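The structure under discussion appears below in the form of structure tokens.
The values are calculated or read from the model by the stated rules, or taken from the named source; none is laboratory data. This is a predicted model, so every value here is computed, not measured. Reconstructed Cβ throughout: ideal geometry from the backbone, glycine too, with neighbour counts over all protein chains shown. The accessibility values were calculated without ligands, DNA or RNA, using every heavy atom of the protein model including side chains. Shrake-Rupley method; radii C 1.70, N 1.55, O 1.52, S 1.80 Å.
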Amino acid sequence: MKLSIDHKSAVPLHIQAENLLRELIKDPEYQSGKLLPNEVDLAKILAISRTTLRQAINKLVYEELLIRKKRLGTKVAHPKMSSKSMNWLSFTQEMQARGIPIKNYELHVSWVYPDEFIANFFDIKADKKIMKLERLRGNAEEAFVYFVSYFHPRIGLTGDEDFKKPLYEMLEVDHSVVANLSKEEISAKAADKLIAGKLEIDPGSPVLFRKRFVFDQGDRPMEYNLGYYKAESFIYTVESRRTS
């Protein structure tokens, strides 16, 4: 695509630059993740100042059409993933319902001693190891959520299960454990070094932090789950209906 600004036009330069960028980012190369030319080069191509160019870029960033990453560059922003609190589904099932293929970037199983909080939640002694499941997940373009799950030893998990399957479906089929109730706490927090490394963001960047307490049909605790969502890629929506 040829980029050209009409300096004789009555249309302001930043508006022209904005319109050119809107057309440019429709290119399949940029839609697939290619970085836009840097500001210095793009300003020279258009024969405008970097300040004028940045005004146009900022407008598209504000509209969430572009995303700018420090020291990396500017690229097309993909639609944010969404999760609704009314959906009692595993993450895989939620994304499948939206037609979004999920990719596992990391999957680790280990056996750990529970800390005091987890031991109290499960009502077990802290000297008994429990299974810890860590999963870094996302779509084809990027990882956008890091999950850490702890499971009650009552379930009988061995670590050899296929955790690529929807979690609650697998627990029901393979272990006859039915997830029936979820209680959640949602907050914002700054990413520490570990989370920042997993999600490829700067330490201190905001993440959506969700605690999920899962109970079986007998209201017995079965899973304690921590989810760290990349803020720029995920929206958590709450839907409520008033009843008379």
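Listed values, structure above:
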{"read-out": "Segments classed as strands (runs of 3 or more DSSP E), wholly inside region 130-244, with at least 1 members that are closer than 24 Å to Arg68 by Cβ, modelled with pLDDT of 90 or more and open to solvent by 50 Å² or more (accessible area, probe 1.4 Å)", "value": "179-190, 206-216"}
{"read-out": "Test result for Ile155, closer than 20 Å to Ala119 by Cβ and out of contact with any Pro (no Cβ under 9 Å at 6 or more places or on another chain)", "value": "yes"}
{"read-out": "Within region 27-41, considering residues that are part of a helix (DSSP H, G or I) and of a type outside the set (Asp, Glu), the one surrounded by the fewest Cβ atoms within 10 Å (Cβ to Cβ)", "value": "Pro28"}
{"read-out": "Positions within region 42-71 being of a type in the set (Val, Ile, Thr), under 26 Å from Ala196 (Cβ atoms) and either in contact (Cβ under 8 Å) with a residue 60 or more places away in the chain or surrounded by 17 or more Cβ atoms within 10 Å (Cβ to Cβ) (or both), in sequence order", "value": "Ile57, Ile67"}
